[in-house]
Structure formats: C-alpha cells, structure tokens
Amino acid sequence: MTLLAFSCHAEIKQINDMKEVFEYLANADSKTLVIFDVDMVLVQPKDPAFQMANMKRFGTISKRIMKEVPPEKQMMFLSLMTISSDPVLIDDSTPQLLKQIIQKGIPAMALTANLTGSFGTIKNMEQWRINSLRCLGIDFSESAPYKAPLMFDNLASYRGYYSNYLNGILFVNGTVVSKGDALLSFIEKTKLSPEIIVAIDDREDNLKSLEAAIQKLDKPIKYHGLHYTGAQKYPSKMISEEDFESRWQQLALQAKQLD
C-alpha cells in the first residue's frame, strides 16, 4: 500500500518491519512529513532484559515492578533503562532506508519522549541521544523539516526542563506533555504546512494522540499512523526469569532514589 491509495480519513495500520514502513512511503514527496518514534522503533537497549521480546516474555514481572515505582518517577525508570546500555538497531536496514528518504527530499524527523537536560551521569540527554543515533548511522539533521533549535517553554516542564527540538528530533521530555501536544506546538512555532503526516510509533496511544492533535489544526492534513511491532521480533538473547527480575529491580531501586 502506498501514498497513492490514501483516503481522506486518518488511519492507523499495523506494520511489522521497517521495510514495510518504507514500502508504505514509496510515493511520498516533499509535501509529506514523516515522523519516527525512537525507542522500540529505531533502536532498543543492548541489554536483553530491556528488549521488547523479553519484556513481553516476562510481562507479569515487568508490569508488577513498574507499578512499584511512584508514578512521578516512572519516566526516570524508563530513562535509566534507555541509558543502561548502548542502543542497538532493531532493523539493520534502517539507516540505508532513511538515506533513501533524504535523497528523495522527503522531510523526516524523530519524536521521542526522551528526557531533556541532565540526567544521572549524562549532562545533556538530547545530545546523548543524537550522538548515539549517529553512531548507528541515523542522523535526522539531514532530513529535518526545520533546521533551527527550539525550546517549548509554553508547555509543561518536568524535572525543571522543557520539551525541545534539536537536529531534527523533537524531545517531548517525559509524559507530562503528550506527543500530540508537543507536535501541535512544533507545527505552530515552525509554521510548517505538510499535506500528509505519516507517524511511526510502537504505541498505538501515541499515534492516537498525534491524530487528535492534527485534527485541531486549521488546515486539514491527512494523517496515517503506522503501529510498528518490529521490536517484538528482534532476536533477543534469552535470559532467565531470575536475571530479568534482578535487572528490573536494580533499575527500579535507582529510580526511586532519584530526585
């Protein structure tokens, strides 16, 4: 299915691998804005305890431990998970496929809940994420629909930091701001006017948040959400239930102790 087959209505479609994503974009052009989530779409932690396949396998344990973390610290827990080991590509073909988008002149950016500012031993989470993606061959500054950095102090802060945009990545900074509200503010600030937005995310609720935000815009924009499930099929190393629970408990304890 390509952009030629788009209807006038928004839709959310399940996509199982990155090649399907780019087949879906076969006829996209400069009037299309493509938005990629980062974690569990482009990359995931190298540590198998925090990879999607094992999190599904030990879902009862992960859900129980997550509930033990205070709600205001759950994003810190997820961020510790993100930085606990180097990221790995979920699909090795992603960098090359992204280069094809750049060559076609299709605007593409990332939209992630990643924290902003300093966190733990990392002085700047935005730069850490940008650098870690570049090490894997992914650089959204080349395809960014808007080049200048932006800070969104009109949105709610978390840990004293705001959502911001840098090098083609919109960092939402946790969950106090929805991805939809962050994108809406981004479009309003930049005056971008795409005819079509295609968003790729591993969480359907994020895709619905983006859909709701786009419907608030004065100009009608065709929206297509791709619910990406490729991380579930990544050939993760099998670990024992005991090792999985130990790693999760370790990070949960760290998160509880953070201010």
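The values are calculated or read from the model by the stated rules, or taken from the named source; none is laboratory data. On a predicted model such as this, the values are computed, not experimentally measured, just so you know. Cβ atoms come from the backbone with ideal geometry, glycine included; neighbour counts cover every protein chain shown. These accessible areas exclude ligands, DNA and RNA; they are computed on the full protein's heavy atoms, side chains included. Shrake-Rupley method; radii C 1.70, N 1.55, O 1.52, S 1.80 Å.
A few notes on this one:
- Glu211 vs. criteria open to solvent by less than 50 Å² (accessible area, probe 1.4 Å), on the phi < 0 side of the Ramachandran plot, assigned to a helix (DSSP H, G or I) and not hydrophobic (A, V, I, L, M, F, W, C): yes
- When we screen Phe171, Phe186 for residues that are without any contact (Cβ under 8 Å) to a residue 60 or more places away in the chain, closer than 25 Å to Gln103 by Cβ and open to solvent by less than 10 Å² (accessible area, probe 1.4 Å), the only hit is Phe186.
- Gly117 vs. criteria at positive phi and either crowded, with 20+ Cβ neighbours inside 10 Å or in a helix (DSSP H, G or I) (or both): no
- Here Arg134, Arg159, Arg129 are screened, and the one residue that is touching a Phe, Trp or Tyr at 6+ places or on another chain (Cβ under 9 Å) and closer than 17 Å to Val38 by Cα is Arg129.
- Residue within the stretch 58-74 that is under 15 Å from the mean Cα position of the chain (by Cα) and not acidic (Asp, Glu) present: no
- Just one of (1) modelled with pLDDT of 95 or more; (2) open to solvent by less than 40 Å² (accessible area, probe 1.4 Å) fails for Asn154. It is (2).
- Failed criterion for Glu188 (all others in (1) within 19 Å of the chain's Cα centre (by Cα); (2) in a helix (DSSP H, G or I); (3) not polar (S, T, N, Q) hold): (1)
- Residues that are open to solvent by 10 Å² or more (accessible area, probe 1.4 Å) number at least 3 in the following strands (runs of 3 or more DSSP E) confined to the stretch 9-87: 11-15.
- Residue in the stretch 243-251 that is in contact with a strand residue (DSSP E or B) (Cβ under 6 Å, 6 or more places away or on another chain), farther than 20 Å from Val88 by Cα and without any contact (Cβ under 8 Å) to a residue 40 or more places away in the chain present: no
- Among (1) open to solvent by 50 Å² or more (accessible area, probe 1.4 Å); (2) assigned to a loop (DSSP other than H, G, I, E, B) - the single one Asn131 does not satisfy: (2)
- Test: Asp218 is in a loop (DSSP other than H, G, I, E, B) and open to solvent by 50 Å² or more (accessible area, probe 1.4 Å): yes
- Of the listed requirements (1) closer than 21 Å to Leu78 by Cα; (2) open to solvent by less than 50 Å² (accessible area, probe 1.4 Å); (3) not small (Gly, Ala, Ser), Leu226 misses just one: (1).
- Residue pairs whose Cβ atoms lie under 9 Å apart, separated by 6 or more positions or on different chains, with the first residue in the stretch 149-165 and in contact (Cβ under 8 Å) with a residue 40 or more places away in the chain and closer than 10 Å to Lys189 by Cβ and the second open to solvent by 60 Å² or more (accessible area, probe 1.4 Å) and outside any loop (DSSP other than H, G, I, E, B), are Leu150/Lys189.
- Residues in the stretch 139-156 that are touching a strand residue (DSSP E or B) at 6+ places or on another chain (Cβ under 8 Å) and assigned to a loop (DSSP other than H, G, I, E, B): Phe140, Ser143, Ala144, Pro145, Tyr146, Pro149, Leu155.
- Test: residue in the stretch 96-105 that is surrounded by fewer than 20 Cβ atoms within 10 Å (Cβ to Cβ), without any contact (Cβ under 8 Å) to a residue 24 or more places away in the chain, over 23 Å from Gln254 (Cβ atoms) and over 20 Å from the mean Cα position of the chain (by Cα): yes
- In a residue-by-residue description of the stretch 239-258, the property of being farther than 30 Å from Glu20 by Cβ, open to solvent by 30 Å² or more (accessible area, probe 1.4 Å) and of a type in the set (A, V, I, L, M) applies to at least one position.
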